[in-house]
Amino acid sequence: MEATVVMGRRVGPGKTLELCLSIQCSKPRCTRLQAPAAASAAATPKSTGLINPAVCIEISLCNFSMKKKKKQQLQQKQTKKDTGVWTGLGWGKGAAAEGRRWWRRRIQAPRSKSILCSSSVSVAELSGEDGDDIANVMFEPMFEANPSDISIKRTSKITVVGVGNVGMACAQTILTQDLTDELALVDILPDKLRGEMLDLQHAAAFLPRAKIVAHTDYAITAESDICIVTAGARQREGESRLTLVERNVSFFKQIIPQLAKYSPNAILLIIANPVDALTYVSRRLSGFPTNRVIGSGTNLDSSRFRWILADRLEVNAQNVHGYIVGEHGDSSVPLWSSVNVAGVPLLQLLQNKGIHYGKHTQEEIHRMVVDGAYEVIKLKGYTSWAIGYSVASLVKSLLRDQRRIHPVSVCAKGFYGIEDEVYLSLPAELGRSGIIGILNIPLSNEETQRLQQSANALAQIQRKLDI
Ligand SMILES: NC(=O)c1ccc[n+]([C@@H]2O[C@H](COP(=O)([O-])OP(=O)(O)OC[C@H]3O[C@@H](n4cnc5c(N)ncnc54)[C@H](O)[C@@H]3O)[C@@H](O)[C@H]2O)c1
């Protein structure tokens, strides 16, 4: 007969206890072990301690093939807990689990004086072969509770494709803001992927609880609520976002169909550049309805805009309301006519006060917004933190059904005289179903004209795409 200790815990120097929680026997018949005998039988390489000989344990294992009557007898015996006898039915995990439960009840019972259980037993000291075993010894099942091994449906799951600078900034911001129960990371670089996953997992003691998984296989993304796509080439210094398009479309042909396959009800949130063109590509490749395909668009540009104004006004940027719409890029349009500070129209107030805030100043500020990303890329090589926060803000509005207005890349057909199925940013209401509606924001004639020019520029690019 072979007996192997597969689970154990230590209870202090000189009083070490190794629990024989699962004993595998080569004989397909009932076997009975006395504790001291079990101690020697259990002295296998997996055993790290000794059974306290002061405790008499009797463990009986029996095969499912035994006759029903015999089983019933054994079940009756099982109730005799005070005698220190446990009988498990079967050889498999079920029997072992039952044995563990019996043990936990026993070692925590007041009459089990001879066993000293340290409350400081750490997970690292437990030598279970799988995670289930370790979890099982840490907690007691409640009286008449349902079995605890029911798999729990997690309430929210987010996938991030691409674990580069932007992907990881998104991941860490989402985790720190407690926006998801499960985070799935996908990339084509397995080592980088695993490294990033472990690095985040190691922060578990400082973060809200979330399951973090990572793989090159898209199967791990299954049933995601939101799929964030940051994968792709990034801009080189001085490179226009639009020159990136061909390179990134080929990546998207691999990525989007996989996401659509495993998460057919997800919202796709596109970040990779050129974000407007790639949001259009994602819609075409996924076949998802337009409300569930969103590009981060000018959400970040608008934050830059608000920050510049807030900095000049020495006020909190959250009280400065203003949108950049159109392309996330050179042809974007600042909506000066609707900029306000806590509801006070900025340009009108300045005019009333006799302060000249003319076209030149406005264009200068817009140029700072557009060049903002280029400046950061020139200085540090890439942008990450601001886009991470921008994406987390979008995720929060979507998953938590916040109904906040964000300027994001949407299908603009039918708005402001745009006739093409072109993707560009408009202020949109976001909720759990994705885009709920487009804000009917009054534009000046000039703003409408510039928006249409931006749409034409993007439509031309879209037409050239090979999808
Ligand atoms: N929308 C915005 O406001 C905004 C802001 C910043 C950056 N971006 C864009 O985000 C993208 C990512 O930037 P980054 O700095 O993180 O780049 P990065 O090079 O650091 O990371 C890209 C990651 O994508 C992975 N990848 C490449 N091809 C892949 C594929 N087929 N499948 C899965 N993973 C793949 C790479 O291995 C890499 O880990 C760029 O396109 C950049 O221009 C957008």
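Nothing in this text is a laboratory measurement; each read-out follows from the coordinates by a stated rule. Being a predicted model, the structure only gives us computed values, none of them experimental. Please note: Cβ atoms are built from the backbone with ideal geometry, for glycine as well, and neighbour counts cover all protein chains shown.
Full-extension gain between ARG284 and ASP311, please, as 0.36 nm times their residue separation minus the C-alpha to C-alpha distance. Please list the in-between numbers first.
On the way: separation 27, 0.36 × 27 = 9.72 nm, distance 4.04 nm.
That pair, ARG284 and ASP311, stretches by 5.7 nm at full extension.
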Scalar couplings 3J(HN,Hα) for segment 403-414 by Karplus 6.51 cos²θ - 1.76 cosθ + 1.60 (θ = phi - 60°), nearest whole Hz, x for Gly and Pro, are 6, 8, 9, 10, x, 10, 6, 9, 6, 8, 4, x
A chain fully extended from GLU364 to ARG404 at 0.36 nm per residue, minus the present Cα-Cα distance, gains in nm 11.5 nm
On the formula 1/(1 + (r/R0)^6), with r taken between the Cβ atoms of LEU439 and LEU350 and R0 of 25 Å, the FRET efficiency rounded to 0.05 is 0.55
Amide H proximity to GLY437 below 5 Å, modelled H, separation 5+ or other chain, gives GLU429
In order over segment 371-383: 3J(HN,Hα) from phi, Karplus 6.51/-1.76/1.60, θ = phi - 60°, whole Hz, x for each Gly or Pro, gives 7, x, 5, 4, 5, 5, 4, 5, 7, 10, x, 6, 10
Here the FRET efficiency for ASN456 versus ALA203, based on Cβ atoms and R0 = 51 Å and rounded to 0.05, is 0.65
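Could you pull out the trypsin sites (Lys or Arg not before Pro) across segment 139-233 that fall in loop regions by DSSP (anything but H, G, I, E, B) with no more than 16 other Cβ atoms inside 10 Å?
Details: sites: LYS153, ARG154, LYS157, LYS192, ARG194, ARG209, LYS211; in loops: LYS153, ARG154, ARG209.
Taking segment 139-233 and a limit of 16 other Cβ atoms within 10 Å, the loop trypsin sites (Lys or Arg not before Pro) found are LYS153, ARG154, ARG209.
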